Amino acid sequence: MRPKAKKRGHGPFNEASIHAFFGAMSQPLRLTGPALRGNDDVRVSYEYVTNDGHRCRGRADVQTTYVFGKILVSRVKALDGC
C-alpha cells in the first residue's frame, strides 16, 4: 500500500477551491471515456462548459491509490490544456 496522500484539504484540494472550480460551470464536468492503463492508472476523457461559455473537451491521466478501503485520486495530469 502507498503512503496516504496528504493533499486533501490543501491548495487546490480544499473545499473552497473545489467549489470555485466546479461552481463556475454551466454544464458540469462529465466523464466521457475512462480507460484503465494499469493497476492504479486511468486515462479519462471529459467535457464541461464554464459559465462564460468556454467549452472543454479534454483528457487526463489519473493516478489512484487505495487507502483504508477507499480508492482515492492521488494525481491528475491534464493532457489537453483544460
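No value in this document is a laboratory result; all are computed from the given coordinates. Computed from a predicted model, the values in this text were never measured in an experiment.
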For segment 24-82: Kirkwood Rh in Å [reciprocal of mean 1/r, alpha carbons]:
12.4
How much length would be gained if the chain were fully extended between Ile18 and Asp61, taking 0.36 nm per residue of separation minus their Cα-Cα distance, in nm to one decimal?
13.6 nm
